[in-house]
1. Being closer than 23 Å to Leu73 by Cα and either more than 11 Å from the chain's Cα centre (by Cα) or among the hydrophobic types (A, V, I, L, M, F, W, C) (or both) is the filter here, so list the residues in the stretch 21-34 that pass it.
2. For the stretch 47-56, state whether one or more residues are charged (D, E, K, R) and either modelled with pLDDT under 80 or in a loop (DSSP other than H, G, I, E, B) (or both).
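The values are calculated or read from the model by the stated rules, or taken from the named source; none is laboratory data. In this text, all values refer to a predicted model and were calculated from it rather than measured experimentally.
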Amino acid sequence: MLKRVFFFKLHVQTCLQQNPENLVCRAVRAIKAAHPGIGIICDVALDPYTSHGQDGLVIDGVVVNDASVEVCLRVAYPYGCLYM
């Protein structure tokens with residue numbers, strides 16, 4: 001029996017990630033409805049395929065941590081609301 005599901009490297013536009021009706025949120029709700037005891041983990045990624053190896057916003061060649069954290073929080077919020 002399946003015990004966990006991982007949604008890893010969700011590389012979609014940030015504006016789509018912040019939508020509580022995005023594909024991942026809909027999938028999580030459907031999986032949880034069908035298998036209430038299953039564990040689900042969603043990875044929040046701004047851009048996992050950067051040439052510099054950083055997963056954050058880059059302005060003028062520099063990763064801006066505070067802005068990156070703010071965007072990650074906005075992206076993660078809809079996933080967290082799935083468990084409220």
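1. Matches in the stretch 21-34: Glu21, Leu23, Val24, Cys25, Arg26, Ala27, Val28, Arg29, Lys32.
2. Of all residues in the stretch 47-56, those charged (D, E, K, R) come to 47, 55.
Subsequent filtering for residues that are either modelled with pLDDT under 80 or in a loop (DSSP other than H, G, I, E, B) (or both) retains 47, 55.
Scanning the stretch 47-56 turns up at least one residue that is charged (D, E, K, R) and either modelled with pLDDT under 80 or in a loop (DSSP other than H, G, I, E, B) (or both).
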